[in-house]
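Here is the structure we will look at, set down as structure tokens.
The values are calculated or read from the model by the stated rules, or taken from the named source; none is laboratory data. Computed from a prediction, not measured in an experiment: that's the story for all the values here. Note that each Cβ is placed from the backbone with ideal geometry, even for glycine, and that neighbours are counted across all protein chains shown.
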Ligand code: ADP
Ligand code: ZN
Ligand code: ZN
């Protein structure tokens, strides 16, 4: 008798969130192995489950065990390495295996979606066809069509013959024709319509980089490569040529791209080079299309997968390479359970499968730069644009002096002049407004001062609720001041501006300019994002006003000016990564200018232009920035010098919540962990629920081995959840 442990996928309730043992009936003995999807009886229901292991020793009465009652898919849906990876993720991110596996599998697989087939009609008995009497005119007609075409799709045949199914069916019964079903894959792209994307002879710099990476492909002790290349330096061509090499060795590649950059333009490069060997995954696919892309990979029909974060779980059987483009992107971290970061997961999967890993970026994360310093990653660099295009000129504008000179507008004089000059030349302009996050803070318009925590150096957040300023890392708080602590002016006020306001202001100065606004409001409809961008690309408007969604993948040669309305919103996030985010964002936005002929120009407005995060944007000076940023991280022991675990607590009962938060922090501190907080979350109350959070700081890379801390957190979670008043969520490596 064979027994298996399964995890339930259908219902993710805490009660079902563990392994269950079932018996394998005789008829499934060969079929049921690790990674197979099955149906199991549970109470009165039949639930979808995944076989995770065979059980050899059972220490309870076997008679109680029930039979597995069905197999859902004819082959394992998770490869061996994915199953191992799932186990690792479940341990590292402190969440159940079932939640991880649910994330790994596309919806269509879990729904048991049927593969799509198409019926083909083929003429098999010519003699008989000839002998069909003219009287049966419809049948005769069908035969004549097939004599010309030989094979036709069922529907096409009906259309051509302009008849019902009846005559075709009678021909089938007579044996004149045969009808075959062929598996068809629902494709999101028509491969034959994508233009070939020709091989480009690599530049000298690309050659050097290619050698470094290819050496890794064949090395026994592989280390990941950080491909650090300025915007437009030809990283994509490098990826394509490495993939070519991987294909030669008959291995598979996963290419991860931030969802927002998964534009038809990007996809066309991969498909244009490798044709239908490429499977593409993005959020606009139907469930059926996504299922088919997944199955193409599983069956080895696609050797290259291009997709967002979740594509790291593509069921490649013979993985050789993973590429993470724009590796610094925030979207590589999943916001819901399992709260994984794809960089860590990819690293693990590559390690398990002896695959190579390439992380590409013009503005690498501090995590990756630090790994280069530690010799855990190798550095490959492209320091010039691949074409003749040069990096844009950057002008930093000090908004304090504008204010002092009496300019109360959100536009500096320089920016206004530049908008006029560039649009007069029929060039296009992008105005960028950073509105990520929620936090509001106080800013002195007179001197640019913002109030920061004396202990943590992060900007204090203004809480309307209590009318106080608060540090989100420690419990520091102070009352709101009406006068700037630095220059004593009374121009210190809450800061924030919207895209709409910019549009209105712009119309005041340039009523004749046409604009397109791109923000969460205007892009919430399906495809509207693409339509707006296409409109802009087709020069239906001269100015594009947008939030971070415009920063990536936008390659419009006619854009010669980029204006950053205020660099300060990102800089003052209550986050130790504020400087890093600012630098990355500004560099990416600047990269949108001057992609075509002629030099681009970027105007950055800030109340704090001497900050190193803004200064370093000039010339994309990543090294200079990283040096200062890493020094700060080291001094305050923030990641990558330490590791953070964020714990968020939610409850409708404010007192109970606050008490528990204190209690939890005390318990952790008793075990000599460093704890930041507890604190109210930036948005204290959502839907009648109060939210507090705290952070545990642990030694770098130690969490995965700290069984004591893991167990403690899991037990706390279990106990407090059982009481039913407070809900707790844990985020390992929050961003
Ligand atoms: P990145 O991915 O680093 O932003 P891209 O791969 O988009 O850069 O390259 C920028 C531009 O340079 C593209 O138009 C690309 O076609 C071109 N390019 C890249 N490599 C070469 C090469 N070896 N020879 C000629 N043009 C190239
Ligand atoms: Zn603080
Ligand atoms: Zn001031």
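Of note:
- Count of the range 487-498 residues which are at pLDDT below 90 and in contact with a strand residue (DSSP E or B) (Cβ under 8 Å, 6 or more places away or on another chain): 5
- Scanning the range 427-446 for residues that are farther than 24 Å from residue 476 by Cα and free of Cβ contacts under 8 Å to residues at least 60 places away in the same chain gives a single hit, 446.
- Some residue of the range 556-568 being assigned to a helix (DSSP H, G or I) and modelled with pLDDT of 80 or more: yes
Each row is one residue, and each column tells you yes or no for (1) modelled with pLDDT under 90; (2) within 16 Å of ligand 2 (Cβ to nearest atom).
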| residue | (1), (2) |
| --- | --- |
| 380 | no, no |
| 395 | no, no |
| 398 | no, no |
| 405 | yes, no |
| 411 | no, no |
| 415 | no, no |
| 437 | yes, no |
| 444 | yes, no |
| 456 | yes, yes |
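- Residue check, residue 242 within 9 Å of ligand 1 (Cβ to nearest atom) and touching a helix residue (DSSP H, G or I) at 6+ places or on another chain (Cβ under 8 Å): no
- Sole residue being modelled with pLDDT under 95 and within 24 Å of residue 588 (Cα to Cα), chosen from 325, 388: 388
- Any hit, the range 603-611, residues being outside the structural domain of residue 371 (by the TED database), out of contact with any helix residue (DSSP H, G or I) (no Cβ under 9 Å at 6 or more places or on another chain) and more than 16 Å from ligand 3 (Cβ to nearest atom): no
- Selected residue (only one of 400, 373 is out of contact with any helix residue (DSSP H, G or I) (no Cβ under 7 Å at 6 or more places or on another chain), within 16 Å of ligand 3 (Cβ to nearest atom) and more than 30 Å from residue 317 (Cβ to Cβ)): 400
Each row is one residue, and each column tells you yes or no for (1) at pLDDT below 85; (2) touching a strand residue (DSSP E or B) at 6+ places or on another chain (Cβ under 8 Å); (3) within 16 Å of ligand 3 (Cβ to nearest atom); (4) more than 18 Å from residue 733 (Cα to Cα).
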site	(1), (2), (3), (4)
648	no, yes, no, no
654	no, yes, no, yes
664	no, yes, no, yes
668	no, yes, no, no
671	no, no, no, yes
698	no, yes, no, no
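A quick yes/no check of all residues on (1) under 27 Å from the mean Cα position of the chain (by Cα); (2) over 28 Å from residue 367 (Cα atoms); (3) crowded, with 16+ Cβ neighbours inside 10 Å:
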position	(1), (2), (3)
657	no, yes, yes
661	no, yes, yes
688	no, yes, no
707	no, no, no
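- Residue in the range 492-504 that is away from ligand 1 (no atom under 16 Å from the Cβ), without any contact (Cβ under 8 Å) to a residue 60 or more places away in the chain, part of a loop (DSSP other than H, G, I, E, B) and over 17 Å from residue 565 (Cβ atoms) present: no
- Residue in the range 253-273 that is away from ligand 1 (no atom under 16 Å from the Cβ), without any contact (Cβ under 8 Å) to a residue 24 or more places away in the chain and within 19 Å of residue 353 (Cα to Cα) present: no
- Residue 291 being in a helix (DSSP H, G or I), more than 16 Å from ligand 3 (Cβ to nearest atom) and at pLDDT 95 or above: no
- In the set (1) crowded, with 20+ Cβ neighbours inside 10 Å; (2) modelled with pLDDT under 90; (3) outside the structural domain of residue 136 (by the TED database), residue 229 fails one condition alone, (2).
- When we screen 619, 594, 598, 579 for residues that are modelled with pLDDT under 90 and part of a helix (DSSP H, G or I), the only hit is 619.
- Of the helices (runs of 4 or more DSSP H) lying entirely inside the range 119-222, the ones with 1 or more residues being outside the structural domain of residue 244 (by the TED database) and modelled with pLDDT under 90 are found at 126-131, 137-149, 154-161, 165-174.
- Considering (1) more than 12 Å from residue 258 (Cβ to Cβ); (2) touching a residue at least 40 places away in the same chain (Cβ under 8 Å), the lone condition that residue 336 does not fulfil carries the number (2).
- Counting only residues that are out of contact with any strand residue (DSSP E or B) (no Cβ under 8 Å at 6 or more places or on another chain) and either in the same structural domain as residue 456 (by the TED database) or surrounded by 19 or more Cβ atoms within 10 Å (Cβ to Cβ) (or both), the range 613-629 holds 6 of them.
- Within the range 469-482, the set of residues being closer than 14 Å to residue 684 by Cα and either more than 35 Å from the chain's Cα centre (by Cα) or within 16 Å of ligand 3 (Cβ to nearest atom) (or both) comprises 469 only.
- Extreme residue, nearest to ligand 1 (Cβ to nearest atom), among residues of the range 453-483 that are part of a strand (DSSP E or B) and crowded, with 17+ Cβ neighbours inside 10 Å: 459
- For the range 582-590, the count of residues that are farther than 21 Å from residue 448 by Cβ, assigned to a loop (DSSP other than H, G, I, E, B), out of contact with any helix residue (DSSP H, G or I) (no Cβ under 8 Å at 6 or more places or on another chain) and touching a residue at least 40 places away in the same chain (Cβ under 8 Å) is zero.
- Residue 413, sole failed condition from (1) within 16 Å of ligand 1 (Cβ to nearest atom); (2) more than 28 Å from the chain's Cα centre (by Cα): (1)
- Counting only helices (runs of 4 or more DSSP H) wholly contained in the range 324-432, the ones carrying 2 or more residues that are in the same structural domain as residue 603 (by the TED database) occupy 399-404, 413-424.
- Taking the range 207-216 as the range and being buried (at least 17 other Cβ atoms within 10 Å of the Cβ) and touching a strand residue (DSSP E or B) at 6+ places or on another chain (Cβ under 7 Å) as the test, the residues that pass are 209, 213, 216.
- Residues being closer than 27 Å to residue 233 by Cβ and either free of Cβ contacts under 8 Å to residues at least 40 places away in the same chain or not in a helix (DSSP H, G or I) (or both) - total across the range 294-313: 6
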